[in-house]
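The values are calculated or read from the model by the stated rules, or taken from the named source; none is laboratory data. Since this is a predicted model, take the numbers as computed values, not measurements. Cβ placement follows ideal geometry from the backbone for every residue including glycine, while neighbour counts extend to all protein chains displayed. Keep in mind that these areas ignore ligands, DNA and RNA; they rest on the heavy atoms of the full protein, side chains included. Shrake-Rupley method; radii C 1.70, N 1.55, O 1.52, S 1.80 Å.
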Amino acid sequence: MRSDKAKTGPERAPHRSLLKASGYTDWEISRPWVGVVNPYNAIIPGHVHLNRITEGVKSAVYAFGGLPLEFPVIGVCDGIAMNHEGMKFSLPSRELIMDSIEVMVRAHALDALVLVTNCDKIIPGMAMAALSLNIPAVMISGGPMLAGASGGKDVDLSNIFEAVGKRVAGLMTDDELRAIEDTTCPTCGSCAGMFTANTMNCMIEALGLALPGNGTIPAVYSARDRLAKEAGRHIMMLVEKNIRPRDILTEKAFKNAVAVDMALGGSTNTALHLPALAHAAGISLTLDHFEEASRKTPHICSMSPGGNHHIQDLFAAGGVQAVMARLLGGGLIDGSPLTATGRTVEENLRGVRVLDGDVIRPLENPYHAQGGLAILKGNLAPEGSVVKQSAVDPSMLKHSGPARVFDSEEAASEAILAKRINHGDVVVIRYEGPKGGPGMREMLGPTSSLAGMGMDKTVALITDGRFSGASRGASIGHVSPEAAAGGNIALVREGDTIEIDIPARSLRLAVSDEELGKRRAAWKPVESVTDSLFLERYRSVVTSGSRGAVFG
């Protein structure tokens, strides 16, 4: 065991003495040391209940012969950080989480990990740590929030953000806004739609690093507590069999996950996080892999924000495993990868069936013939850009309009809320990429305001930043190269015509190469100002969004 380095032999008497000061006995110290990573904090609604989940994990680890050693990591609530400086810190926290887990594991010679998680960057940060360390590991999420109810309809976080736009447009009163505010988020858990947190929890299940049910069992269901205990039991099996994350997260597993992503219509942020996970595993996963999967994998689950269903509906319909069973039956995923159950994907799916054919449609009757995401390229995004095509109104799949150019999210939001954006415009928000922001902020505020004002069917939004999983409409993000790196998005001028053709996978600035050359010769980058040493360090090492915004 790795922990023998810190506990075995007479020269380790001081180490054992320190452990005994923490209350551990000799027979406990001799057990495998299982780090249980708990990102509980009192801010994130998806994390406020994680002490409960962690206790379930620890009890099972202890019952099956391990010594659970709990330690914390930070977590950012993207919703609370949204639309202000706080969002600059969200994506950078991913690498900080990964690094802090490595520090704890290597410093204390831990044998294995159970990674308790739930929200946005915490999930990929933990998975990247597991892959980097490559010791036996399993992940367990805290589960999704239940949808709220307002006016006889199910609502979630996207509805309250869009309600702000409705209030600005005079389509909603203060009292109506307050009513939605009070009912949108009724329980703990990750926000109820197929937003980034729930998408990533589903991806970790599809990859096999978490147990079946991880992505969809609601946070408030007792089945979530039982799953936590199963995670604790299974980590001891993984230790015994020496099954490690890189045995599970193979190239085939990543391709499976991308296919599941397309079938679910997941967040565009998977195009950042799955390549980053693959990078940690020593595997190349590019935007071209997403495009290939999108072309051949139908979109069979219509989840909020693009559809009417929520994660609790997907759970009741059979969950991620039922989606995977559909895809396996159609030859769209590989059944051979190993999973954290100790069994293969195909073995896990034996006997699994779809319980609601509207929530999880047959492959021959999908919501859309292609997958949820599309990768657009062209002179405006030579390295690629990402759009959730399943959440775009059909009338906006092809669009041409004048550029309205803003060098920050704040400037764009101000113009939108001041009603200075017109139907047909293409809003360009630049210098918000990984380096330019720095931090590659999400743009849920601007997209939701446009949707609430009824302009999501007439106005497109393009950025070198990114979008929340709760965004909908013709919202095209991750434009690479970013403006700060000299990408052509930096050369767009007010009034230029931008041509969007999602079916043709094209994003084009209707300006000649000769004119772009003249503009580039005169171009000077906009220098964003930050007083954060952390963000400046991040800016100095982060790579392009097209590469997952990993450190170079």
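Quick notes on this structure:
- Test: residue in the stretch 95-102 that is in contact with a His (Cβ under 7 Å, 6 or more places away or on another chain) and either in a strand (DSSP E or B) or open to solvent by less than 40 Å² (accessible area, probe 1.4 Å) (or both): no
- Hits in the stretch 164-192 - residues which are touching a Leu at 6+ places or on another chain (Cβ under 7 Å) and over 21 Å from residue 303 (Cα atoms): 165, 167, 168
- Summed over the stretch 358-402, residues that are in a strand (DSSP E or B) and within 17 Å of residue 473 (Cβ to Cβ) total 12.
- The residues listed here are 352, 323, 345; of these, the one that is open to solvent by 20 Å² or more (accessible area, probe 1.4 Å) and modelled with pLDDT of 95 or more is 352.
- Here the condition is being closer than 16 Å to residue 320 by Cβ, part of a loop (DSSP other than H, G, I, E, B) and β-branched (Val, Ile, Thr); of 204, 217, 243, it holds for 217 alone.
- Every residue from the stretch 521-550 that is open to solvent by 30 Å² or more (accessible area, probe 1.4 Å), more than 24 Å from the chain's Cα centre (by Cα) and within 27 Å of residue 88 (Cα to Cα): 523, 524, 525, 526, 527, 528, 529, 530, 531, 533
- Screening 491, 444, 509 for residues that are of a type in the set (A, V, I, L, M, F, W, C) and under 21 Å from residue 195 (Cβ atoms) leaves exactly one candidate, 444.
- Each residue in the stretch 27-39 was checked for being assigned to a loop (DSSP other than H, G, I, E, B), in contact with a strand residue (DSSP E or B) (Cβ under 7 Å, 6 or more places away or on another chain) and either open to solvent by 30 Å² or more (accessible area, probe 1.4 Å) or of a type in the set (Phe, Trp, Tyr) (or both), and 1 of them qualify.
- Identity of the residue in the stretch 506-520, in contact with a Gly (Cβ under 9 Å, 6 or more places away or on another chain) and buried (at least 17 other Cβ atoms within 10 Å of the Cβ), that ends up nearest to residue 495 (Cα to Cα): 509
- Some residue of the stretch 411-432 being within 23 Å of the chain's Cα centre (by Cα) and aromatic (Phe, Trp, Tyr): yes
- All positions within the stretch 305-319 that are open to solvent by less than 10 Å² (accessible area, probe 1.4 Å) and either among the small types (Gly, Ala, Ser) or in contact with a helix residue (DSSP H, G or I) (Cβ under 7 Å, 6 or more places away or on another chain) (or both): 311, 317, 319
- Summed over the stretch 276-287, the residues that are open to solvent by 20 Å² or more (accessible area, probe 1.4 Å) and touching a Gly at 6+ places or on another chain (Cβ under 8 Å) give a count of 1.
- For the criterion of being in a loop (DSSP other than H, G, I, E, B) and open to solvent by 60 Å² or more (accessible area, probe 1.4 Å), residue 107 fails.
- Restricted to the stretch 386-423, and to residues there that are open to solvent by less than 20 Å² (accessible area, probe 1.4 Å) and among the hydroxyl-bearing types (Ser, Thr, Tyr), the residue that is nearest to residue 470 (Cα to Cα) is 390.
- Filtered residues of the stretch 344-362 (kept if farther than 29 Å from residue 306 by Cα and over 26 Å from the mean Cα position of the chain (by Cα)): 347, 350, 351
- Contact map, the stretch 100-124: first residue more than 22 Å from residue 194 (Cβ to Cβ), second residue hydroxyl-bearing (Ser, Thr, Tyr) and not in a strand (DSSP E or B), Cβ cut-off under 9 Å, separation 6 or more or different chains; pairs are 101/132; 102/132; 108/3; 109/3; 110/3; 111/3; 114/54.
- Residues in the stretch 55-85 that are assigned to a loop (DSSP other than H, G, I, E, B) and touching a Leu at 6+ places or on another chain (Cβ under 8 Å) were compared, and the one that is least open to solvent (accessible area, probe 1.4 Å) is 82.
- Matching residues in the stretch 456-486 - criterion: being surrounded by fewer than 24 Cβ atoms within 10 Å (Cβ to Cβ) and touching a residue at least 40 places away in the same chain (Cβ under 8 Å): 457, 458, 481, 484, 485
- All told, residue 290 falls short of being surrounded by 22 or more Cβ atoms within 10 Å (Cβ to Cβ), aromatic (Phe, Trp, Tyr), closer than 17 Å to residue 145 by Cβ and modelled with pLDDT of 95 or more.
- The combined condition, being part of a helix (DSSP H, G or I), without any contact (Cβ under 8 Å) to a residue 24 or more places away in the chain and either within 19 Å of the chain's Cα centre (by Cα) or more than 16 Å from residue 190 (Cβ to Cβ) (or both), is not fulfilled by residue 230.
- Residue tally, condition of a type outside the set (A, V, I, L, M) and buried (at least 21 other Cβ atoms within 10 Å of the Cβ), over the stretch 131-183: 13
- Boolean, residue 331 is in a loop (DSSP other than H, G, I, E, B) and either among the hydrophobic types (A, V, I, L, M, F, W, C) or open to solvent by 40 Å² or more (accessible area, probe 1.4 Å) (or both): yes
- Condition met for residue 331 (out of contact with any strand residue (DSSP E or B) (no Cβ under 9 Å at 6 or more places or on another chain) and over 30 Å from residue 546 (Cα atoms)): no
- Sole exception among (1) out of contact with any Ser or Thr (no Cβ under 9 Å at 6 or more places or on another chain); (2) closer than 17 Å to residue 139 by Cα; (3) not in a helix (DSSP H, G or I) for residue 43, by number: (2)
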